[in-house]
Amino acid sequence: MIPEPLARHLRVVPIAVDETTLYLAVADVLDDDTVAALREHTHLELRGFLASRNSIDELLQRVHGGEYVAVARTELLTRFPEESAARVLSTGQAIALALLAIAFLVCLVLAVKPTLIVAMALSSVFYLSTSLYKFKLTYDALGHQHEVAVTDEEIAALDERDLPTYTILIPLYREAAVVPRLIAGIGGLDYPKTKLDVRLLCEEDDDETVPALQAMDLPPHFKVVVVPDAQPKTKPKACNYGLLQADGKYVVIYDAEDRPDPDQLKKIVIAFSKVDPSVTCIQAKLNYFNADQNLLTRWFAIEYSMHFDLLLPGLDAQDVPIPLGGTSNHFITDRLIELGAWDPFNVTEDADLGIRLHKAGYKTAMIDSTTLEEANSELNNWIRQRSRWIKGYIQTWLVHMRHPFKLLRQVGLKSWLSFQLTVGGTFIFLLNPIFWGLTTLFFLTEWGFIRELFPSVVFYAAAFQLFIGNFVFMYMNVAGCVQRSYYDLAKFALLSPLYWGLMSLAAWKGFLQLFYAPFYWEKTIHGLDDGHPGAPPVRTAA
Amino acid sequence: MALAPPPATRAPGPRTAGTRLDQREYRTDVRVPGLRAGFVLFAVFAIVYFVVGYRVTVDGHVVVFDALNRLTNAYLVWWNDPPKLAAIGFLFPPLTTLAFLPVTIVKPVATSLVALPLLTAIAAATAMVWLDRTLARCEMPAMMRLPLLAAFGLNPLWLFYAGNGMSEALYLALLAIALYAFVSWYETTEPRYLFAAGFAIALLVMTRYAFSFWALIMAVLIGVALARRRAGPHEIEGSVIAFAAPVVYALALWTLFNGLIVGEPLGWVLDQDTSTAAVNSNGVDTAASVGIETVSERLLELNVAVFPLAFVVVPGLVIAFVTQRNDMALWLASFLVLGIVLMGGHALLSDDESLLTLRDAMPMALTALVGAAWIYRSAAELRLVVWLATLALLVVNLFTAWDGMRNYPFQSLEQAFTRTVFTGESQEGRSSRGGFTVGIDPEAQMAQYVKTNVTARRAILTDNAQTFGVILLTGRPGLFFDRIDEGDGAWNEILEAPWGKVRYVMAATSERAGDRVLARYPGLADGSEPGMAVVARTDRYVLARVAERRPQGAG
C-alpha cells in the first residue's frame, strides 16, 4: 500500500488496515508533509502509533528485508552494469585475452627466444614504470602536507548543536569477542551521541554476534541491523544494506576493531566545509595499534605508514584517482547513494569506489587523522586477507578496463596512466617470483638461456630494477616510518624484501582464486592481538 | 585537487618531526632559491664551464687520461660488441663511469671527447646551484651570495675540473648536495633532508671510496647530536638507519659485484693503485721516504693553494661551537680537519707523497665555503665582516690556486691548463708538472690507422686497460678483442696463443704502463718479437701483425 522507498524515507510502517483507516507505526507525529506524501497512495484515514526510531527501522527491515537485500545486491548492477564486478570479464575482455593467449602461444612455438625476450622486455618496462611512478609519488609527499589541515582551534570553535548527524557503518561477522571493545571505541569518539547513527551490520546466519548484541544494553545511538542471508556474502553488500536506512549527512565505515582518533568525525565535518565542493570522500590514515606484536605486524605497520603517509597523499597531490582504504573513508551520504554505493561483488569495494568517484568527476581528499586497526599477526590469516586484497585490485582493474578508451576519455591521460601504475601495478606481485626465480637460477647455474632472455637494454632495465629499484622501495618504507616518527620500525623496514615475498605468495593465491571463486570473501579473523596492550609504534612528538 | 584557501591558523611550512637540534628557532621566512633562479644559475655556470672545458680539453688536447679511461668504459657499455655493463670496470669507483652513460649513447659526442667537458660542466654547475642554496639556507641574501659564488666558481682549479671529465666535479656536486641536506636537516629536523643526505653520501662513496669515512663520521655525529638533545633511543636508531642505509647498501652491493664478477669482493678496498695515468706518464720526483714533516709541508702547500679559506674558517667554527653550543659548527670543522688528516694519513701509510695532489684537496675548499656560510649564519652581529673576509680569501685563492697549478709538483695537467688559458695554444706533446706528456695525438694517429686498415671483427688483441684511448677514438670497439669481451680468462688464452686467432696485437709501449700484451711479448716494443711484424707505431703504441702459425722461437 505504501511503497517501500516512501515508507523508508518517512519512517512509517503500515501495521493494520480496515475499511476506513490505515494504521501506521511512525517514528514521529504525522505532520502535513508526511500526510501529503501518504495521500498520494491512499485515501484512507491515517492513524499513527508512535514508536522509537530503532523499532521502526527494525520493523521496516523485517517487512522489507527481501527488497532491501535485493537493492543492496543489485543497485549498482542495475544502474551501472558496466561498473559492477558481477562478471569477472566482459565479453570483449574475454575475447581479447583469448586472442592474446593464442597469439602468444603461436609466437612461442614459432620463435621461442624472441617471444620470451619481448615478454621479458615488456614486463621489465612495466615493472620499472610502476616503481618510478611510486617513487615519484612518495618523494612528492615527503616534507609536504597535502592532507587537509584542521587545527585544534577550529575543532574547539565548533558548536556541537550545529553538527550534522553522522552515520557509522560497522560490518560484523562472528566477532562477538570484539564487541565490547568496539562499543568502548565508538564511545570514545568526541561527537554528540545524539548526532550519531551507529549501525552494527550483522549477517543473518551469525549466531554468535547477533545474540551477543541483543543481550547487551546498547545505547540508543547503536542500531543492530541484521542483513538477510544472500549471496554474495560480502562486506560491501552489508554496508549497502545498512546505508539504506542511514540518517547521517556523512557516512563512514569502521571495522570492528578500529580505534579512530577521538576527534576524527569533527575534523571531517570541518574539512568538508573547507575543501573544494567536488570532494565527496575524505580518507583518514590507517595504521595499527599492535604493530610491535611480532615481525608480521611490524611489516604491516611499515607498509601502511608508507601507503597512507606518503603514497596516497602523493596521489592526492597529483589529482588522480585514489584507491580508498578499507575503513575510515568518510562520504557525503547523498553522493554515495548517487554513485550506487559499494559494489557487493568486488572484494576490495573501497578501491573500486575510489576509482568510480573519480570517474564521476568527484574528488577524494586525505586528512591527517589516524584510525588504528588490528594488524594481522598470524601468517595464514594475513595471507588470506592479502590474497583478497590482491584479488580485489585485479577485479577493480578488470572492471574499469572493460572500455579502456572510454576510461581514457573520462579521466584523462594522467589519471588513466596513474590507474594503470597503481591499481594495475598489482600485477608486479605476480611478476616478482618469476624475476627472482630467474635471477636465482642464473646465479646458481649461469645458464646461457637466461642470459639470452635479457639482451642489453632489457638487461639494464631489469638490473636497475633489481638492484636499485628494490632498494629504493625498501628505503621508502624506512622513510614512511621516519616520516610518521615510528623510528623503532625503521630497522624492520630493512627486511622488506622478505615481506614482499609473502605478498607475492598471497598475490598468486588471490589471482588463482579469481578464476574459481571470484566473489568469495576471505574473512579476516580479528581479536588475535591476544590482549595486546594496544600501544601503537613509538611516535616522537614533533 | 583544489582546496579552499587555508585558514590563518594553519601551521606554516612543511611538516617537521624529530628532536630539535638547532638552538635557534627555525625561521620559516628564509627563502631558498626556487627552480627558476636555480636554473638560471645553472645555465650560466654550465655554459662557462663547457666553453672553457671545450677549449682546453678538446682544442688544447689537455686530456686527463683517467677521465679518458672512464669515458671509454662508458662508451663500451653501449657500443662494445656485445654491449656489456661489466665494461664499467672495477678499477675506479663506478659512479663517474655510470654518469658518462647518457652522453655516450651518441657516438660522436664520445669519440670527439666533447663528452668530457659536457658531463663535468653539468656536474660543476649543479654544485654551484646547491652551494647557492646552502648559502641562502644560512640566511645570506642574493647580493652577497653572487660575488662569493663567482669567486669560488671561477677559481682556476675549479674551472679546470669543471671541464675535463674527471670525477672531481661529480663528487663535489654530490658533496654540495649532501652538505646542503645535512645543514637543512640540522635546522629543520625534517626527515626528507636526512634521506637526501644519506643518498647523496651513498653516491659520493661510489665516486670516491674515502668518503666512507665521512659517512661514518656523519652517522656518529647524528647519533651523538640527538643523544645530546635527549632524543629517545628509537629516534636515534631510526635516524641513523635512515641516513646510513643507502651508504651501507651501496658498499654492500659494490662488494657483491666485485665478488661475483672479479672474484675479489674487497678488491676495491685493497687495490687503489691506478695504472691508467702511466700511459702518458713520464714519472715525477718524489721523496724516497715520506715522513710526517714532508707530509705536513705538502699539506700546508695544498692548504694555501687550494683552500686558504680554511685558515680562518676552522677557528671560526670552533669558536662558534664553544660559544653557542653549535653542533653544526663542530661538524663542519671536523669534516675539514678529517679531510686533511685522511689525505696526510694516506700518504704516510703508502709512503708516497705523490698522493698529495691538488685535486684531492678540493673537497676541503667546498666544505670551507659552507663552513664560512655557517659562521655567517651563527655570528649575527659580524655578518658583514665574515662576508668580506670570505670574499677576500676567495679572491686571494684565485691567485694561490693559479700559482699552485703552475708549480705544485703533484697534479694532473693543471700546469698545462694554465698554459692553455694563458697562451690559447694547444699543449699537444708538451710536458706538464706531475710527470705527464700532454696530448692525444699518439692515440688519434693509431686510431686513424686502425680505422683505415682494419675491418674484421675482433681482429686486434689488446689490453684495453692501457689502450682505451685508441679504442675510443676509433669509435669501433668491435674491432678489438679486449678483456671485457669475454673476460680475462678467454683473453689470456688468446694472449698465450694468438696465432691464427687474431690478426693483430696492439700494446702501449711505455714501460710504466704495465700493458699485459707488452709484458707477454716484450719484443713488441722494438719490433723484435717473432711472429709479430710491426705495421704501425706512434709515440705510445705499437700495432703488429700476428702470424697465422706459431713461429719458431716465439714466446
Item to check | A:Phe459 in a helix (DSSP H, G or I), open to solvent by 30 Å² or more (accessible area, probe 1.4 Å) and at the interface with chain B (Cβ under 8 Å from one of its Cβ atoms) | outcome: yes
Next on the checklist: Can you tell me how many residues within the stretch B:239-268 are β-branched (Val, Ile, Thr) and more than 11 Å from chain A (Cβ to nearest Cβ)?
Outcome noted: 4
Checklist entry - Checking A:Gln385 against (1) assigned to a helix (DSSP H, G or I); (2) within 14 Å of chain B (Cβ to nearest Cβ); (3) polar (S, T, N, Q), which single condition isn't satisfied? => result (2)
Item to check | Only listed residue being under 23 Å from B:Ala115 (Cα atoms) and either open to solvent by less than 20 Å² (accessible area, probe 1.4 Å) or without any contact (Cβ under 8 Å) to a residue 24 or more places away in the chain (or both), chosen from B:Thr437, B:Thr462, B:Thr474, B:Thr452 | outcome: B:Thr474
Checklist entry - Among the residues of the stretch B:79-99 satisfying the criterion of being of a type in the set (Phe, Trp, Tyr) and touching a Ser or Thr at 6+ places or on another chain (Cβ under 9 Å), which is nearest to B:Ala210 (Cα to Cα)? => result B:Phe92
Checklist outcome for this item: Matching residues in the stretch B:225-238 (in contact (Cβ under 8 Å) with a residue 40 or more places away in the chain and more than 9 Å from chain A (Cβ to nearest Cβ)) number 5
Next on the checklist: of a type in the set (S, T, N, Q), buried (at least 21 other Cβ atoms within 10 Å of the Cβ) and closer than 30 Å to A:Pro81 by Cα: which single residue out of A:Thr297, A:Thr364, A:Thr371 fits that description?
Outcome noted: A:Thr364
Checklist entry - Do we have any residue at all in the stretch A:60-70 that's open to solvent by 40 Å² or more (accessible area, probe 1.4 Å), free of Cβ contacts under 8 Å to residues at least 12 places away in the same chain and farther than 26 Å from A:Asp350 by Cβ? => result yes
Checklist entry - Restricting attention to the stretch B:189-198, which residues are more than 8 Å from chain A (Cβ to nearest Cβ), in contact with a helix residue (DSSP H, G or I) (Cβ under 7 Å, 6 or more places away or on another chain) and in contact (Cβ under 8 Å) with a residue 24 or more places away in the chain? => result B:Ala197, B:Gly198
Next on the checklist: Looking only at the stretch B:56-89, filter to residues that are farther than 23 Å from B:Leu479 by Cα and outside any helix (DSSP H, G or I); which one of those is most open to solvent (accessible area, probe 1.4 Å)?
Outcome noted: B:His61
Next on the checklist: Tell me yes or no: at least one residue of the stretch B:95-118 is at pLDDT below 90, of a type in the set (Val, Ile, Thr), surrounded by 20 or more Cβ atoms within 10 Å (Cβ to Cβ) and part of a helix (DSSP H, G or I).
Outcome noted: yes
Checklist entry - Tally time: how many residues in the stretch A:89-118 are touching an Asp or Glu at 6+ places or on another chain (Cβ under 9 Å) and under 24 Å from A:His400 (Cα atoms)? => result 1
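To keep it simple, each residue is scored yes or no on (1) of a type in the set (A, V, I, L, M, F, W, C); (2) more than 27 Å from B:Arg70 (Cβ to Cβ); (3) touching a helix residue (DSSP H, G or I) at 6+ places or on another chain (Cβ under 7 Å); (4) assigned to a loop (DSSP other than H, G, I, E, B).
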| site | (1), (2), (3), (4) |
| --- | --- |
| B:Val450 | yes, no, yes, no |
| B:Phe468 | yes, no, yes, no |
| B:Leu473 | yes, no, yes, no |
| B:Asp488 | no, no, no, no |
| B:Glu493 | no, yes, no, no |
| B:Glu511 | no, no, no, yes |
| B:Gly514 | no, no, yes, yes |
| B:Val534 | yes, yes, no, no |
Item to check | Candidates A:Phe289, A:Phe331, A:Phe308 - the one that is modelled with pLDDT of 95 or more, closer than 26 Å to A:Thr167 by Cβ and open to solvent by less than 10 Å² (accessible area, probe 1.4 Å) | outcome: A:Phe331
Next on the checklist: Which count do you get for residues in the stretch A:136-154 that are surrounded by 17 or more Cβ atoms within 10 Å (Cβ to Cβ) and either acidic (Asp, Glu) or more than 10 Å from chain B (Cβ to nearest Cβ) (or both)?
Outcome noted: 5
Checklist outcome for this item: Flagged in the stretch A:36-59 as more than 16 Å from A:Asp18 (Cα to Cα) and either under 36 Å from the mean Cα position of the chain (by Cα) or buried (at least 18 other Cβ atoms within 10 Å of the Cβ) (or both), in numbering order, are A:Leu38, A:Ala51, A:Ser52, A:Arg53, A:Asn54, A:Ser55, A:Ile56, A:Asp57, A:Glu58, A:Leu59
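How many residues does the stretch A:474-525 contain that are within 14 Å of chain B (Cβ to nearest Cβ) and open to solvent by 30 Å² or more (accessible area, probe 1.4 Å)? I'd like the intermediate steps shown before the answer.
Step one: list which residues in the stretch A:474-525 are within 14 Å of chain B (Cβ to nearest Cβ), which gives A:474-497.
Adding the requirement that they be open to solvent by 30 Å² or more (accessible area, probe 1.4 Å) leaves A:491-492, A:494-495, A:497.
Of the residues in the stretch A:474-525, 5 are within 14 Å of chain B (Cβ to nearest Cβ) and open to solvent by 30 Å² or more (accessible area, probe 1.4 Å).
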Checklist entry - Among the residues of the stretch A:85-104, is any touching a Ser or Thr at 6+ places or on another chain (Cβ under 6 Å), assigned to a helix (DSSP H, G or I) and either in contact (Cβ under 8 Å) with a residue 60 or more places away in the chain or crowded, with 18+ Cβ neighbours inside 10 Å (or both)? => result no
Next on the checklist: Can you report the number of residues in the stretch B:524-555 which are within 18 Å of B:Asp463 (Cα to Cα), surrounded by 19 or more Cβ atoms within 10 Å (Cβ to Cβ) and modelled with pLDDT under 90?
Outcome noted: 2
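Going through the stretch A:275-305 one residue at a time, which ones are part of a loop (DSSP other than H, G, I, E, B) and more than 14 Å from every other protein chain (Cβ to nearest Cβ)? Step through it out loud before you land on a result.
Start the filter on the stretch A:275-305 by keeping residues that are part of a loop (DSSP other than H, G, I, E, B), which leaves A:276-278, A:289-294.
Those that are part of a loop (DSSP other than H, G, I, E, B) and more than 14 Å from every other protein chain (Cβ to nearest Cβ): A:Phe289, A:Asn290, A:Gln293, A:Asn294.
So in the stretch A:425-434, with the set limited to residues that are open to solvent by less than 30 Å² (accessible area, probe 1.4 Å) and closer than 12 Å to A:Ser124 by Cα, which one is modelled with the highest pLDDT?
Just the residues of the stretch A:425-434 that are open to solvent by less than 30 Å² (accessible area, probe 1.4 Å), to begin with: A:425-426, A:428, A:430, A:432.
Those still in the list that are closer than 12 Å to A:Ser124 by Cα too: A:428, A:432.
Details: A:Ile428: 88, A:Asn432: 85.
Per the stated criteria, the residue is A:Ile428.
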Next on the checklist: Just to confirm my filter: which strands (runs of 3 or more DSSP E) fall fully inside the stretch A:166-253 and include at least 3 residues that are surrounded by 21 or more Cβ atoms within 10 Å (Cβ to Cβ) and more than 17 Å from the chain's Cα centre (by Cα)?
Outcome noted: A:196-203, A:222-227
Item to check | Options B:Tyr504, B:Tyr521: the member that is within 20 Å of B:Leu76 (Cβ to Cβ), out of contact with any helix residue (DSSP H, G or I) (no Cβ under 7 Å at 6 or more places or on another chain) and open to solvent by less than 40 Å² (accessible area, probe 1.4 Å) | outcome: B:Tyr504
Next on the checklist: Against the conditions (1) within 14 Å of chain B (Cβ to nearest Cβ); (2) among the small types (Gly, Ala, Ser); (3) surrounded by 15 or more Cβ atoms within 10 Å (Cβ to Cβ), where does A:Ser123 fall short? Just the number, please.
Outcome noted: (1)
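The values are calculated or read from the model by the stated rules, or taken from the named source; none is laboratory data. Worth saying up front: this structure is predicted, and the values here are computed from it rather than measured. Backbone-built Cβ (ideal geometry, glycine too); neighbour counts: all protein chains shown. These area figures cover heavy atoms from the full protein model, side chains too; ligands, DNA and RNA do not enter into them. Shrake-Rupley method; radii C 1.70, N 1.55, O 1.52, S 1.80 Å.
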